[in-house]
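The values are calculated or read from the model by the stated rules, or taken from the named source; none is laboratory data. Worth saying up front: this structure is predicted, and the values here are computed from it rather than measured. No Cβ is skipped: glycine too gets one built from the backbone with ideal geometry, and neighbour counts run over all protein chains shown. Remember, those area values only see protein heavy atoms, side chains included, never the ligands or the DNA or RNA. Shrake-Rupley method; radii C 1.70, N 1.55, O 1.52, S 1.80 Å.
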Amino acid sequence: MTAQEVRLCGLLLQEHFGNVVEKVGTHLIRSGVLTLRALAHETKLPLDLVKKSLCVLVQHGMCTFGAGRRGPAGPVEYRINCERVFHMLRYPRYIYTAKSLYGDTGELIVEEILQRGQMTMSSTVKTVADRLTHNMPEGQSMDYSEVVSAFSQLVETHFLQRCPLASAGSSSSGAVDTPLPVATQPTEPESHPDCYKLPYINLTGQGKRRRSSEDGEADQCAAKKARTDDSECGDDRIYWQVNFQRFHLHFRDQAIISAVSCKLDQSSSEIVRTMLRMSEVTTPAHAAFTQALSANEIFRALLSSYNIARPILDQYLSLLVDDPMEFVGKTGDSGGGMYVVNLHRALANLARATLESVVQERFGSRSARIFRLLLRKRHLEQKQVEDFAMIPAKEAKDMLYKLLSENLVQLQEIPKTPDYAPSRTFYLYTVNQLPTARLLLQHSYKTVGNLMERRLYETKENKRLLEKSQRIEAILASLQATGAEAAQLTEVEEMITVPERQQLESLRHHINKLDSSENQVDETIFLLKSYINSTQASR
């Protein structure tokens, strides 16, 4: 773990769970593996607080535990999963994807499970139905069956999966008692035969509308009733979590489709979308290619609204195969031709486009021209760079040295003689895409950390004004619920002065820009991380 990754993990843990969990999590990241007693001693926190912090991390799948160096008879050791902590940065994107695919019901299901880490199906259905009913007009309510249907669709498409049960050996060796069963080691979904099997639940009825006066009592009773309700519904101790890997495959597919659409046209992207959709569940996560599909299968799977005839499809497939980006490859001639989507090549091209864009934004179009030239030609001397890029010698030299100082370009020495004499040595400039992608990934982690710190600073500086605004909004909501007159509402609204209102609008504008910037940088992080993982898996 680099310093930037540790810093970003600490900021994410602090924002979502508070200072105590952040301190425990950050210390675990730096130390690697620790027992409960050692963790409490080194962090100088009360043992009870450390236990609760570990419970939170285990509940959200961010911490694993198992037998230590002394074997099953020794104390349990805890290890933090940093990749799982980074997923918190992508929570808004997961929720938005669920909304775009499965509507408001799917959005709330994913939001609830992300917020609580793990939930039973019956508990999720009841909570989501209550929330939807609360936002409906008076007299309307959400039926449980509609929420069950959306939950089933999320499981069928593998966006949700069962939590694997903890082994008996781990739970009996002194582990912290957790409210939900969690695996001691991260396991692949395919290793559990019932991972995507829906239980039969005995759940009928509609969502209930909570009154504001009942919210506090309902929250206090919810935890006590949860276990009883789950056992009555028939899914006791069957917990569900978000399948982040499946969401990441969806993000990857959408990036490929968008790239094809920009490079060629909309019809080409719809053909690639169809190929990806046909193989999305059957293709392994780290596969370099999708499963081979015949042209006949692709034609039958195309939606009729695309209006793509069979001869036109053959022409588009030939165009995609011959394209230099190599997003689609041909593996055989049976069934009208067998075609695959080259996932690794697609990610490499997307990462390359990201690197070129960063160089252009930071150093200008001429530096980007040199960078693209080195990516294409691999190794060039300075004189060759000047000639091919058609840039004056002095400017080319300055640009190359600037890129070299930022580690975006590397210099390779090839001596004619063993003494490495400068007069008898070739100096070749080159770009190594994988190390450059890793460098840019660290810069992206640092950028996200800076954006989060700035957002937290802005919120802290205007804490009094934000609290006042929230109090007034709560008063207005209660008055509107009781049917207050317009004069009363106006009087309450005027409690915020005009300068304060302007300051609030400016603050919200800045916070929204910072949030948007975080999401954009996270897209870059996702592309680079996917390319690095794909390259490592293909070796």
**Request:** Measure nothing fancy, just the Cα-based angle from helix 393-405's long axis to the longest principal axis of the chain, in degrees from 0 to 90, nearest 10.
**Result:** 40
**Prompt:** When ligands, DNA and RNA are left out and all protein chains stay put, how many square angstrom of accessible area per residue does the range 346-431 have with a 1.4 Å probe?
**Reply:** 57
**Where the range 257-301 is the region considered: accessible area per residue in Å², 1.4 Å probe** = 46
**Message:** What number do you get for the range 353-397 when its Cα radius of gyration is normalised by 2.2 N^0.38 Å, N = residues?
**Reply:** 1.08
**Request:** Quote the relative contact order of the range 3-80 in percent (integer), defining contacts as alpha-carbon pairs under 8 Å separated by 6+ residues.
**Result:** 29
**Message:** For the chain, what does the relative contact order come out to in percent, with C-alpha contacts under 8 Å and a separation of six or more?
**Reply:** 11
**Message:** Contact order normalised by length for the range 246-341, with contacts defined as Cα pairs under 8 Å and 6 or more residues apart; what percent is it?
**Reply:** 27
**Item:** Computed FRET value (nearest 0.05) for Arg508 with Asp265, which takes r as the C-beta separation and R₀ as 41 Å
**Value:** 0.55
**Prompt:** What residue among Ala474, His443, His510 has its Cα farthest toward the positive end of the dipole of the range 436-538, where the charges are +1 on Lys, Arg and -1 on Asp, Glu, each on the Cβ?
**Reply:** His443
**Request:** Could you please state how large a percent of the accessible area of the range 246-341 is carbon and sulfur, counting protein chains only and using a 1.4 Å probe?
**Result:** 55
**Cα-centred dipole magnitude for the chain, charges only on beta-carbon of K, R (+1) and D, E (-1), debye, nearest 20** = 1920
**Asked** Helix 244-263 versus the longest principal axis of the chain: what is the Cα-based angle in degrees, 0 to 90, to the nearest 10?
**Response** 50
**Request:** Report, largest value first, the span of the C-alpha coordinates of the range 346-431 along each principal axis, in whole Å.
**Result:** 41, 29, 22
**Complete:** tail above 23 Å in the computed P(r) of the range 436-538, as % of all Cα-Cα pairs, reads 51
**Prompt:** In nanometres, what is the gap between the two model label sites at Ala301 and Glu356, each 7 Å from Cα along Cα-to-Cβ?
**Reply:** 2.9
**Request:** Roll a 1.4 Å probe over the protein heavy atoms and report the accessible area of Phe363 in Å², nearest 10.
**Result:** 40
**Fill in**
If N is the residue count of the range 3-80, its Cα Rg over 2.2 N^0.38 Å rounds to 1.04
**Item:** Segment Thr417-Asp104, extension gain: residue separation times 0.36 nm, minus the distance between their alpha carbons
**Value:** 105.7 nm
**Message:** Give me the percent of accessible area attributable to carbon and sulfur for the range 3-80, probe 1.4 angstrom.
**Reply:** 53
**Message:** For the full complex of protein chains and a 1.4 angstrom probe, list Lys208, Lys460 by accessible area with the highest value first.
**Reply:** Lys460, Lys208
**Complete:** Per residue, accessible area of the range 31-162 with a 1.4 Å probe, heavy atoms of protein chains only, in Å², comes to 43
**Selection from Gly364, Ile414, Ala348 lying farthest towards where the dipole of the range 346-431 points positive, charges on Cβ** = Ala348
**Message:** If packing is taken as the average number of other Cβ atoms within 10 Å across a peptide's residues, how do 529-539, 421-431 rank, most packed first?
**Reply:** 529-539, 421-431
**Carbon/sulfur fraction of accessible area - the range 485-531, other protein chains in place, 1.4 Å, %** = 49
**Item:** Gain upon complete extension [Ser258, Lys197; 0.36 nm per residue less C-alpha separation]
**Value:** 18.7 nm
**Prompt:** Applying 1/(1 + (r/R0)^6) with R0 = 35 Å to the Cβ-Cβ distance of Lys383 and His286, what FRET efficiency is obtained, to the nearest 0.05?
**Reply:** 0.25
**Message:** If the reach is capped at under 19 angstrom between alpha carbons, list the lysines near Lys394, excluding any in the same chain fewer than eight residues apart.
**Reply:** Lys383, Lys402
**Item:** Alpha-carbon centroids, the range 337-378 and the range 429-457: separation in whole Å
**Value:** 17
